[in-house]
Structure formats: C-alpha cells, structure tokens
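Contents: one structure, followed by commentary.
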Amino acid sequence: MAKDQSIHFKKKKIAHQVAFKKKTSKGINKRKQYDATQTEENEPRFRRPEEFIRKFRSKQRERNQLRRVTKKFNPLFKTPASPLALVIRLRGSQGLEKKIERKLQQLRLSELLEATFVQLTEKNLEILKSLELFITYGYPDLNTVRQLLYKRGQTSVNNQLRMINSNELIEEKLGKFNILCLEDLVQEIFSVGEHFKKANLFIAPFKLSMPPKGFPKVPKTFLSRWSCR
C-alpha cells in the first residue's frame, strides 16, 4: 500500500514539473514576442538621410545603365538627371489598333490628355519609342513633380477618385513602405526610390486640360518630308 502511494506521489510530482516547464516556456515565448513588437514600435520611423546615402551608389549604377540603354535608341540622346519621365497621351481611342491601345494601357493612359510617371527602364523605353505618334514625354524636375501631386494628385478610394490632401490616407496605404506624408511621396517619385512602383500605383493618372492654343506642331525634318514623297 505504501509502495503504491509513493508511486502515485512520484507521478504527481513529475506531472507538476512538466506543467511548470510548459507554463514557463510559454511565458518566455510571450515575453520574446512582446519584446520584438516593442523594439519594432520603438524603432525610429524617419531614416531618410541614411537611406539616401545608402542608395546613392545604386542610383549611380542606374544612371550608367540608363545611359547605355538610351544610346541604343538615339546616339544623340542626352541622359536626364533622373530616370523619371512624365508621359502624356495625345490621341483618343478612335481608330487605334488594339496593339497600340494595349501598350497605352500598360502605361495607365486610358484617355486623352492623361499623364503618368514612368520609370525609364529598357522595356519602358521600347514602349515609348513605339508610341511616339500617340504620346509626348519629358523629364520633370522636383518642382514639377511637387506641383502635380499637390494640385492634381488623386487616388482611388472605394472605386472613387479622391484628392490626395490627407497625410493619414498616405500613411494608411503606404506607411509600411516608410512613406508617411505627401512630401515623402514627392521624394519617392522624383528619386525613383525602392518603392516607386507601389507609390506610383497609389497615384491615379493625372487629368490634364488642353492648352488654349493647342499643342505646337513639330515641323517635319528633311528626311521625313523626303520619305513622304
């Protein structure tokens, strides 16, 4: 009888020890998770200068690559300071081939006089060259990017266009990419940053108005006039 009681007490003691170990291990795991979340929350969210310094060399490599690529299409092409273009659609949908319309849709230009920012990669340069008769494009400076976003910047919220006039909206959609306000968005677009694609998709295509005197006609060169004969 005494032997059975001692076995029972031993089993009970072992069970208590196992339960105690499980409880302590759970507590340690919870503490580690809490510490991890605290460190993430307490990390500084603004690290702009360090990020710009770290990305400087990668920007230089991108510029050199852009210079090599653009020479394929035009040897006289002057490499812009930033690999960013502002593309404007000059033709409507009437009479366009499906292939051309598809390429315009790739640039998010579905209507006449819509404009979008485009990163000048090799693929995008090929698309721009094939659409020379239907678009115009240039290289915006920082002030142009800022004016467009502050005055005409819109985004889609519940399938409705809304002006980008709230930093809370930007932080809600792009906060995980460290873009917290409108000025952060301007810098990300102009510098063609690491999260350029996400930031650019957040911005709806700009709706531009026709100039009062229309677009200036580009005179034909001697070669183009000769080829038309």
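For the range 184-208, a residue qualifies if it is in a helix (DSSP H, G or I) and among the aliphatic types (A, V, I, L, M), and the qualifying residues are Leu185, Val186, Ile189, Ala199, Leu201. Look at the range 88-144 and say how many of its residues are of a type in the set (A, V, I, L, M, F, W, C), in contact with a strand residue (DSSP E or B) (Cβ under 7 Å, 6 or more places away or on another chain) and open to solvent by 70 Å² or more (accessible area, probe 1.4 Å). Counting residues in the range 88-144 that are of a type in the set (A, V, I, L, M, F, W, C), in contact with a strand residue (DSSP E or B) (Cβ under 7 Å, 6 or more places away or on another chain) and open to solvent by 70 Å² or more (accessible area, probe 1.4 Å) gives 1.
Number of residues in the range 146-183 that are of a type outside the set (Lys, Arg), in contact (Cβ under 8 Å) with a residue 40 or more places away in the chain and either part of a helix (DSSP H, G or I) or surrounded by 14 or more Cβ atoms within 10 Å (Cβ to Cβ) (or both): the value is 7.
The values are calculated or read from the model by the stated rules, or taken from the named source; none is laboratory data. A quick note: this is a predicted structure, and the numbers were derived from the prediction, not measured. Using ideal geometry, Cβ is built from the backbone for each residue, glycine included, and neighbour counts are taken over all protein chains shown. The accessibility values were calculated without ligands, DNA or RNA, using every heavy atom of the protein model including side chains. Shrake-Rupley method; radii C 1.70, N 1.55, O 1.52, S 1.80 Å.
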